[in-house]
Amino acid sequence: MNINFTEDLLVKYIYGEVSIAEKHLIEESLDNNWELHELYEAMTKSRQELPKVQFSPKKSVIENILKYSSEQTALEPHF
């Protein structure tokens, strides 16, 4: 089966965000399509080169969000 895959679909595959059916089709195509496999390899390598940075908000930011949320809940009408 010859299917045209978009780069977006390959990105979803690399990040494990495809359905099982899509996963099987992509893997079959990777085995049978040299150009698609080369693109996949390049995208995988690029992902590995991305910095491994994790961001976390300050405790005060989380507290402000929770405070705002509780204030909004208090303003909602209760039926």
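Observations
- Enumeration of residues in region 58-72 that are under 29 Å from the mean Cα position of the chain (by Cα) and of a type in the set (Ser, Thr, Tyr): Ser60, Tyr68, Ser69
- Residue list for region 32-56, filter: loosely packed, with under 10 Cβ neighbours inside 10 Å and over 15 Å from Val11 (Cα atoms): Trp34, Glu35, Pro51, Lys52, Val53, Gln54, Phe55, Ser56
- Number of positions in region 1-31 that are surrounded by 10 or more Cβ atoms within 10 Å (Cβ to Cβ) and either in contact with a Gly (Cβ under 7 Å, 6 or more places away or on another chain) or in a loop (DSSP other than H, G, I, E, B) (or both): 4
- Taking the criterion of being closer than 11 Å to Phe5 by Cβ and hydroxyl-bearing (Ser, Thr, Tyr), the residues of region 15-49 that qualify are Ser29, Tyr40.
Coordinate-derived values only; no laboratory data. Everything quoted here is computed from the prediction, not taken from an experiment. Quick reminder, even Gly has a Cβ in these numbers, built from the backbone with ideal geometry, and neighbours come from all protein chains shown.
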